[in-house]
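**Q** First, the structure itself, so that you have it in front of you.
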Amino acid sequence: MNMDIATVNALTYEDFVNILGNVVEKCPIITAAVWSGRPFFNLTALEAAISEFIDALPDSGKEGILRCHPDLAGRDLQSGSLTRESREEQAGAGMDALNSAEASRVARLNEEYKERFGFPFVICARMNDKANILRQLSERCQNERAVERARGIEEVKKICRLRLQGLVLTDAHNKL
Ligand SMILES: NC(=O)N[C@H]1NC(=O)NC1=O
């Protein structure tokens, strides 16, 4: 599905949340909140509304968003309980095909990261390959909590942008 922005603007809030509710992983409240900001001039404006909502949250809210994300190559991937979006993103980066050494390294670093920060490591899998993800996971474990909170939220926004682009026509493709 790829709707133009006029179609998006005409959606009831029920349809808007059903269709766009997972652009931020398991955070349909964000989509539900920005519906009030219709009409959106274009996809960029919708994306900006989501960004502004996230930026206005207190640190606890930002960390809450991060906590709604599944681990990379974690339990949800193994048990098949990832959201469709997340499954496709993780598979695209090869996270579903780690060898056993890689898998135990990722599991160990994910736990170390969560232990240190109290939220999971989040990275836009579609913009990174496996080697890059493994390197960042280990490097980012060394950061300060505030740095990682901000960095994780930046990655959430990248994931959101790509998910939105799969649902809504980009500005260049809208009829004028
Ligand atoms: N933890 C984490 O980064 N999860 C994810 N990243 C991504 O691109 N999709 C995800 O589910």
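**Q** For the chain, build the charge dipole from Cβ charges (+1 Lys, Arg; -1 Asp, Glu) around the Cα centre, then report which of GLN136, ALA172, SER104 sits farthest towards its positive end.
**A** Positive-end residue among those listed: SER104.
**Q** Given N residues in the chain, what is Rg(Cα) / (2.2 N^0.38 Å)? Don't jump to the answer; show the numbers that get you there.
**A** Details: Rg = 16.8 Å, N = 176, 2.2 N^0.38 = 15.7 Å.
My calculation over the Cα atoms of the chain gives 1.07.
**Q** Which ³J(HN,Hα) values, rounded to whole Hz and listed in residue order, are derived for segment 112-123 from phi using the Karplus coefficients 6.51, -1.76 and 1.60 in 6.51 cos²θ - 1.76 cosθ + 1.60 with θ = phi - 60°, glycine and proline given as x?
**A** With coefficients 6.51, -1.76 and 1.60, one gets 4, 4, 5, 4, 6, 9, x, 8, x, 5, 10, 8 Hz.
**Q** Taking the radius of gyration and the Kirkwood hydrodynamic radius from Cα positions alone, what is the Rg/Rh ratio for segment 69-155, to two decimal places?
**A** On the way: Rg = 12.0 Å, Rh = 12.9 Å.
Result for segment 69-155 is an Rg/Rh of 0.93.
**Q** Expected output is a single nm value to one decimal: the length gained when fully extending between ALA101 and GLU52, i.e. 0.36 nm times separation in residues minus the C-alpha distance. What is it? Write out the running numbers ahead of the final one.
**A** Numbers: separation 49, 0.36 × 49 = 17.64 nm, distance 4.03 nm.
Result: 13.6 nm gained on full extension.
**Q** OK, next. Would you mind checking which residues have amide H under 5 Å from MET3's amide H? H placed 1.01 Å from N; only 5 or more apart, or other chain.
**A** Excluding prolines and chain starts, which carry no amide H, the hits are VAL168, LEU169.
Bear in mind that the values in this text are calculations on the coordinates, not laboratory data. Remember, predicted model here, so these are calculated numbers, not experimental data. All Cβ positions, even for glycine, are placed from backbone atoms using ideal geometry, and neighbour counts span all protein chains on display.
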